[in-house]
Every structure is written in C-alpha cells, then in structure tokens.
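To start, the structure itself, in structure tokens.
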Amino acid sequence: MPFELLIGLRYLKAKRKSTFISLITLISVAGVALGVMALIIVLAVMTGFEEDLKEKILGTNAHIVVLNAAGPMRDYRTVMEKVQKIDGVVAVTPFIYNQVMISSGKNVSGVVLRGIDVKSDEQVTNLHKSMREGSLSALEKATPEQPGLVIGKELAKNLGLYLGDKVDVISPLGNITPLGMMPKLRRFQIVGVFNTGMFEYDSTLAYVSLKEAQEFLGIDDEVTGIQLKVRNIYHTGELAEKVNETLGLPYHARDWMQMNKNILFALKTEKSVMFIILTLIVLVAAFGIASTLFMVVMEKTRDIAILKSMGATNRSIMRIFVFEGVIIGVVGTVIGVLGGLVVALNLEPIVDFVKLVTGFELFSKDIYYLDRFPSLVVPSDVLLISVTAVLISFAATLYPAWAASRMLPAEALRYE
C-alpha cells in the first residue's frame, strides 16, 4: 500500500483537537450519500413510469402501422403477404379506423371506432389481455342482427353502460337523400369492457369486428391500414424504412416511436433535467469535501513540512490529500448506492407503510391510473451516478491538494 494512502487514511481518524474537522468530514460523506441516494431513487421512479407508459402504449397499439396515402387500402391481403416476409416482422393484422358517436339514450360521446380481425389482432396487440368484462372473441360470435361492441372502462363509466347494454352508434358518413346527408345509425350490444390504464384510450376507443365495421361504414372489402408486430421494439425505425422500401408509394409505415415522439421526448428530457438538478446535491457535498481538506491542510502544516524535509515530493503531498478526499467521496457513494437500491427496490411497500403510519397517500392509483408504484433500477444508471459522484469528489480535492503541495517547509516551520 502506498505511504500516501496510509497517511491519508490516518488523517481521516478523529483526534481530540480535530473533532470539528471530523464532523465536517461526516457531513461531507452524508451529503454525497444523500445526493447519490436521491439520484438513484428519482431515476428509478422515472424509468419505471417510462417503461409502464411504453407497455401501455404498445399494449393497445401496434409496433408499426402501414397506411395508404391515397385512401382506403383495397389490396390489403397482398400487402400483408409482402410485409410478413420481411425479416423481423412477427405478425400482421388489418384494421379500420373511423370517428363515430355513441348514444346510450341519455348521454352521447364521440369515439374512435376500430374494426379489428380478432384472431390476428391477438397476435399483434395485447388488447385481449386488457379485457375486464366479456371478451374480444364475443365480437365474432355476435349476430348480424345484434352486432357486438367492446368499449373502454372510462367510456362505459361516462355513458353509464354495463355489459349487455345496447347503444346506438352513429356515423356522420351516412347516405345521401333528397334532404341531404343522413347519418347512419345502428344498434350494438356491449359484449366487453377493457381497461388499458391509459385514460385517453379507455375513454375514446371502441372496437367492433372487421366485417361489421366494413358493413356499417359501407367500405366493402377495404381497410384503413395494417398493423405489424416486430421482434425488437427498439429497432422499429429501421424496420419501418425497410417496409417503405418494400411496398413503395403510396404506402408509408410509421413506428410507435414516431407516433408517440412528443411524450417520449418529454419523458427523456425530464429525466435528463432531473439528473442535472439532483447532481447539484453532490456538488454541494463536494464543497464540503474541499472545505474539509483546506482545514486539514491548515492543521497538518507541520506534518507537511516534516514530510517534505524527509524527501517527500510535491506529487506525494498532493496524492495524500487527493486520497483523503476520494475516500470520503467513495464511502459516501457506496452508502448512497446501497441506500438508494434498498429504497428503489422496495418503494411500493415503503409508500404503503407511510400511508399506514401517517394516513397521507403519497401516490394515488386512481389519479395516475396505475395499479402499482413503478420503480425500475437500471444498472447503467446506477453506474453513471456512482462514477459521476466519485469524479465530482475527485475534482473537489485537486485545489486543496495542490495548495498543500506548494507549501514551503521553511515557511511552515518558521513559527513552530
């Protein structure tokens, strides 16, 4: 072990006359630990929210959507065959998308009506896993005289609807009569209620079978587009370009990141800003490390002079105080990482315990539409935080250590 490290460790030990310096050292360690702990917990929660949101988006929407810029897709079966041959595509399903109104008699709401092929849709989206009442398969079992409709939980609540109730679906694109355009109206029966956990989806989406949507909207054997499920959700951009090259114009493919880029960019930006803001806590602790080293240098003036008289170089003196400051930073970082991981990995029980003890609800599941408190620890985030904290601690030691190395033995011992 280098003698500089041994002396640095010795200077960290408290003596009777340096109790105040030791207290400042403990405060510096605590500051680094709190900063690291706060960073790990906050980034774990934000990553958890981000992953939960992605899961909900991909649970209802496909990874890639292919549309026809010229209008409805008439040759969709041929398009599906071509797309399914592309490497990386797992499953394909057609869909119809149109805006309609739903009337329960007393209440009316505008919704997006989606026609789906139930069997192939189950291979592309996770809508069937979000069903709370009824099932998607009931759409195919419904009769032409009484077609089935699946709606979201929030839409059912707003319209006061329950499983088995009947509603009127009104399409503005109706028939042309001598009196003008007459909206098309048809009665449907509620055969299922889903809950994706996303208010926008649960309050604005309604599903019918593909055949029923074609008949109701009067579009014959046509669809709005096709949806794709891919093997790797983080390479959908490259795959969408490959789909565009394969199909050519007027077809164009968009991946889920493009369709949700605003919210994904906002989450990424917020996470980066929070990292910068919370790093300031570690910076404040670094000032404490620098202050501690300055006081140690002033106290150890005689020791520095003696070491230099015995042949210690300026570099050796500098290394002594660098080691001392880095040890403070490393100890604080280790404590902060351990504390942060314990809290981040057990955040939900901690939140429940706080609610039980204080009666104050830190996290309302009804408001945030979450069934659990999302917290996801990413090893790379923990590594980045640890390295950043140690580097900041190291930077804080440089000037005090340099000042100590520049001290002249004769000047230091003049008044001893």
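Packing-wise, with mean Cβ within 10 Å as the measure, how do 65-78, 186-199 rank, highest first? Working shown, then result.
Values: 65-78: 15.9, 186-199: 19.9.
Highest-to-lowest ranking by the protection proxy: 186-199, 65-78.
Residues in region 284-291 carry Karplus couplings, in order, of 4, 5, 5, 4, x, 5, 4, 5 Hz; the curve used is 6.51 cos²θ - 1.76 cosθ + 1.60 with θ = phi - 60°, and Gly or Pro positions show x. Given the DSSP H assignment, sum -39500 (n - 2.57) over each helix run of at least 4 residues in the chain and divide by its residue total; what's the result at 222 nm in deg cm²/dmol, nearest 500? The helix-only estimate for the chain comes to -18500 deg cm²/dmol at 222 nm. Listed by chain and number, the aspartates and glutamates whose C-alpha is less than 19 Å from the C-alpha of residue 355, apart from same-chain residues fewer than 8 away, are 366, 371. Each peptide in 85-93, 259-267 was scored by the mean count of other Cβ atoms within 10 Å over its residues; highest first, the order is 85-93, 259-267.
Quick one: which of 153/211; 106/261; 242/271; 85/141 span more than 28 angstrom between C-alpha atoms? Before the final figure, lay out each step's value.
On the way: 153/211 24 Å; 106/261 38 Å; 242/271 31 Å; 85/141 31 Å.
Result: 106/261; 242/271; 85/141 exceed 28 Å.
From most to least packed by mean Cβ count within 10 Å, the peptides 218-228, 380-390 give 218-228, 380-390.
Bear in mind these aren't lab numbers, they're just calculated from the coordinates by the rules spelled out. In this text the structure is predicted, and so the values were computed from the model without any measurement. Note that we place each Cβ from the backbone using ideal geometry, even for glycine, and neighbour counts take in every protein chain shown.
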